[in-house]
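Engineer: Pasting in a structure now, in C-alpha cells, and then I'll have a few things to ask.
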Amino acid sequence: MTASHQPTRHCVACGAEIPVTAAICRYCHSEQSPGLGKRVATWLKWIGGAVTVLSLLVGAWTLSGLYLDWQERNAAVNELQQAADWLQEAKDYPRAWRLYDQALALNPSAAGIRNKQFEMARIWVRDFQLPEHEADKLSNQLVEVLYRGLPALDIHEQATTLAHIARLGQIRRLNQIAEQMDIAAVYQRALSLDKDNVFANAFYGAWLLEQRSLSVEAIENGANHLRKALGKSDDSYLRELQLWRLTLAVERGNHAVREAAIKALIPALWQAREAGFVASEDLRYRVLEKYGDNLRFSLLEAALSAIGAKQHLQLLDWLSEGLSGSGSYGDRLSARNQFLRARMLEAAEEPGKAAEIYQALLSIELGGATSRFAKRVDEGLYRTTGQWPARALARNYRDDPLPEHDLWDFHLDTLAHFDPTIIPENLEQALAFFNAAFKSKEAVATSQLNALLAIMPEAIARMEEDIAIGDERERTDSYTSGFSALDHTNARYNKSQLILLWARAHYAAKHWDPAAALLKDELRHSEGYQRAWFDGGWEAVRAELHFVLAKTLTQRAKQTNSAEDRRNAIMHLQAATQTPLFKRFASWEVIKGSDFSALRAEPAYQDLVRGH
C-alpha cells in the first residue's frame, strides 16, 4: 500500500521532518506544543528577565546618585576641616570647634577629623577663655572629647590628657562654674601613669598654688612640680604659667607663705632670664611690686636670700628694662628700683656704690609713703656709712619731747608726718591739744586755724593710702608683718580722729557745709568697720561722729532756718545717745545747752532730753 502524502514540519527540538499534526517527535520524543503551565513559565521567564534588566537600570541610576551625594558630602567635610584648621592656627578655637563638629556630623567615622578635634581640645585647655554663657557648655564638650580619646592612647599620652582634663576642671571652678570632678584624684592618676609627665607636673603644680588656703608646704610642692616640668620641656607657655602662679601666690596668705612664694619665684625668674624667656611688661611690673611691697620692702630680705646678690642685680636690670611711669607713679617706680639696686649692691659687698644711691634718695618725696620710705633709706645709709643722716636725728613723730614754745607748729608738724599705721604718743598729744583749743572759750587765731585747715587734706590722703592697702589685704586675706590687720585698723582709726578734728576746725571757722560733708562721708565709710582694739571700739567713734554732725547741722539750721537740718540734727543726736559711750565726749547738759538751742521747739528734741 502506498503511503499517503501528508503535510510536514520540522521538530522544534531536533529539526527532523515530522507530520504537521504530530504532537511528539518520533525521533527525539520532544513535545511539539507545550502545555499551559509551560507557556506561563516561559512568559514569567521573559517578565523576570525584563524586571531584572529594569532593576539593573534603576540600581545603576541610584548608585550614580549616591556616589554624587558622597562626593558632595566629602567635599563639604574637607572644606569644613580645612576651615577649622585655619581657625585653629589663628587661635579662634570656638569657631574651629564648631566647624569640626559640623564636619563630624556629616561624616561621624572620619577618624582624622576626630583626632584633630582631640588635639585641639588639649591645646585649647591651655588658653581657655570664653564668655560665661558659652563656657559651661563648651568646656563640658572638651572634657567629653578628651575622655573619649583616652582608650586609644599610650600611657604617656593618657597622663598628658588626664592632666588637661583636670586643668579644665580647675579652670571651670576658677570661673565659678559647677564642677563635680575630683581634680586632685585625676592629677594623681595622671602622675601614677607617668610621674615625669610634663603637663601632669606643670598643671598639678599650678593647681597647688591656686588653692584658696595656701600653706608653705603647698608653695614648696607646687614650685617643685612646676620646676620638674620645665626641666623636661622649656616651653614658653609652661614658663609663663610657672611665673604667674608664683607671682600671684606672693600676694596671698600670711607672711611666711608670702616669703616662701618669693623664695620660689626669684630662682624661677633667674632661670627664665637665662633661658631667653621674654616676660611681658605686666608680669615684670607685678614682680617688681612684690619686691617693693608698697615701699615697705617687707619681702626683700627673703628675696635676696634666694639667689646671689650679683645675680639679683642682673635680674633687676632684666625686670625693669623699658618699664616707666608718669607723674608721681613714675617717681615712685624710679625710687623703688633705685632702692632695690642700692640694697642689692650692699649685699654684693659694694657699700660705696650703695651709699651713693641712698644719698641721692634722701631728697625723694613720695606723698603718704615718704615717712616709711625715708626710714628705709636712712637705715641703708647707716649700714653703708656708719652714720645716720641729719633727718634721722631730727623728729621721729612718735615720742619726741614737747618743746617749751610753738606748740601749735610742733603739733601741726606731727599731723603732717606721723606714720598712719601706728598711734604714736605725739599724735595723741596733738589731738588732745587741738581739741582742747576748740573747746576753749577763747577763739583760735585765724592764722592758726587756716594753717590747720591747710594741712588736713594731705594728712587725710596719707591715711587713705594706707587704708586702701589694708582694704586689699583684708579682701585677699593677705595681711603680713609688713602690713598687719593692726596697721589697717590703726590707719582707719587715725583717719576718723583727723576727720573729727578737721570738722571741728571748719566748725570753728563757721564752715558748716564742708564740716557736715566730712562727717557724713566718714560715717558712711566706717559703717562696716568691726575689728577694733581701742577702748569703746567703732561704736564709740561713730557715736562721736554723729554728735559732732548733729552739732554742725544745728548751727547751720540756726543760720538758714532749715527744717530738714533740724530734723537731721535730732536724728544724729538720737544715734549718738543710743550708747552710754557718748558721755566720753558730751553730756546731757551740753545737749540741752546753747549749742542746740535751735532745736528746742522741736517735739522730737523735747522727747529726747526729757528726764535728763
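The values are calculated or read from the model by the stated rules, or taken from the named source; none is laboratory data. Only a predicted model underlies this, so the values are computations on that prediction, with no experimental measurement involved. Please note: Cβ atoms are built from the backbone with ideal geometry, for glycine as well, and neighbour counts cover all protein chains shown. These accessible areas exclude ligands, DNA and RNA; they are computed on the full protein's heavy atoms, side chains included. Shrake-Rupley method; radii C 1.70, N 1.55, O 1.52, S 1.80 Å.
Engineer: Looking at I219, I171, I177, can you tell me which residue is open to solvent by less than 40 Å² (accessible area, probe 1.4 Å) and not in a helix (DSSP H, G or I)? Working first, answer last.
Structural biologist: On the way: I219 fails: not in a helix (DSSP H, G or I); I171 fails: not in a helix (DSSP H, G or I).
The conditions single out I177.
Engineer: Something else: Any idea which of (1) within 29 Å of Y382 (Cα to Cα); (2) open to solvent by 30 Å² or more (accessible area, probe 1.4 Å); (3) not in a helix (DSSP H, G or I) is the one D317 doesn't satisfy?
Structural biologist: D317 satisfies every listed condition except (3).
Engineer: Which ones in segment 474-489 are touching a Lys or Arg at 6+ places or on another chain (Cβ under 9 Å) and closer than 16 Å to I262 by Cα?
Structural biologist: S478, Y479, T480, G482
Engineer: Within 24 Å of A268 (Cβ to Cβ), in contact (Cβ under 8 Å) with a residue 12 or more places away in the chain, under 29 Å from the mean Cα position of the chain (by Cα) and open to solvent by less than 20 Å² (accessible area, probe 1.4 Å) - does that describe any residue in segment 356-374? Reasoning before the result, please.
Structural biologist: Quick first cut of segment 356-374, residues within 24 Å of A268 (Cβ to Cβ) only: none.
No; the residues of segment 356-374 include none that is within 24 Å of A268 (Cβ to Cβ), in contact (Cβ under 8 Å) with a residue 12 or more places away in the chain, under 29 Å from the mean Cα position of the chain (by Cα) and open to solvent by less than 20 Å² (accessible area, probe 1.4 Å).
Engineer: If a residue must be open to solvent by less than 40 Å² (accessible area, probe 1.4 Å) and without any contact (Cβ under 8 Å) to a residue 24 or more places away in the chain, how many such residues does segment 507-540 contain? Spell out the reasoning first.
Structural biologist: Going residue by residue through segment 507-540, those that are open to solvent by less than 40 Å² (accessible area, probe 1.4 Å) are 509, 512, 515-516, 518-519, 522-523, 526, 529, 534, 536-538, 540.
Filter once more, so that each one left must be without any contact (Cβ under 8 Å) to a residue 24 or more places away in the chain: 518, 537-538.
Matching residues across segment 507-540 total 3.
Engineer: Within segment 128-160, can you find the residues that are open to solvent by less than 70 Å² (accessible area, probe 1.4 Å) and assigned to a loop (DSSP other than H, G, I, E, B)?
Structural biologist: Across segment 128-160, the qualifying residues are F128, L130, P131, L153.
Engineer: Shifting gears a bit: May I ask you to list pairs of residues, at least six apart or on different chains, whose Cβ atoms are under 6 Å apart, with the first in segment 179-194 being farther than 18 Å from E157 by Cβ and the second being basic (K, R)?
Structural biologist: E179/R172; E179/R173
Engineer: Sticking with this structure for a sec: In segment 491-506, what residues are open to solvent by 10 Å² or more (accessible area, probe 1.4 Å) and within 26 Å of N254 (Cβ to Cβ)? Break it down stepwise before answering.
Structural biologist: Taking segment 491-506 and keeping what is open to solvent by 10 Å² or more (accessible area, probe 1.4 Å), we get 492-493, 495, 497, 502, 504, 506.
Listed by number, the residues that qualify are R492, Y493, K495.
Table: residues versus (1) open to solvent by 40 Å² or more (accessible area, probe 1.4 Å); (2) within 13 Å of G380 (Cα to Cα); (3) touching a residue at least 24 places away in the same chain (Cβ under 8 Å).
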{"site": "L304", "(1), (2), (3)": "no, no, yes"}
{"site": "S324", "(1), (2), (3)": "yes, no, no"}
{"site": "Y329", "(1), (2), (3)": "yes, no, no"}
{"site": "A335", "(1), (2), (3)": "no, no, yes"}
{"site": "E346", "(1), (2), (3)": "no, yes, yes"}
{"site": "K353", "(1), (2), (3)": "yes, yes, no"}
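Engineer: Which fully enclosed helices (runs of 4 or more DSSP H) of segment 223-298 have 3 or more residues being open to solvent by 10 Å² or more (accessible area, probe 1.4 Å) and under 30 Å from D419 (Cα atoms)?
Structural biologist: Numbers: elements: 236-249, 255-274, 281-292.
Here the list reads 255-274, 281-292.
Engineer: Among A557, A601, which is over 42 Å from the mean Cα position of the chain (by Cα) and surrounded by 15 or more Cβ atoms within 10 Å (Cβ to Cβ)?
Structural biologist: A557
Engineer: What number of residues within segment 451-478 satisfy the criterion of being more than 30 Å from Q211 (Cα to Cα), open to solvent by 70 Å² or more (accessible area, probe 1.4 Å) and without any contact (Cβ under 8 Å) to a residue 12 or more places away in the chain? Full working, then the answer.
Structural biologist: Residues of segment 451-478 that are more than 30 Å from Q211 (Cα to Cα), as a first pass: 451-464.
With open to solvent by 70 Å² or more (accessible area, probe 1.4 Å) added as a condition, the list becomes 454, 458, 464.
Filter once more, so that each one left must be without any contact (Cβ under 8 Å) to a residue 12 or more places away in the chain: 454.
Qualifying residue count, segment 451-478: 1.
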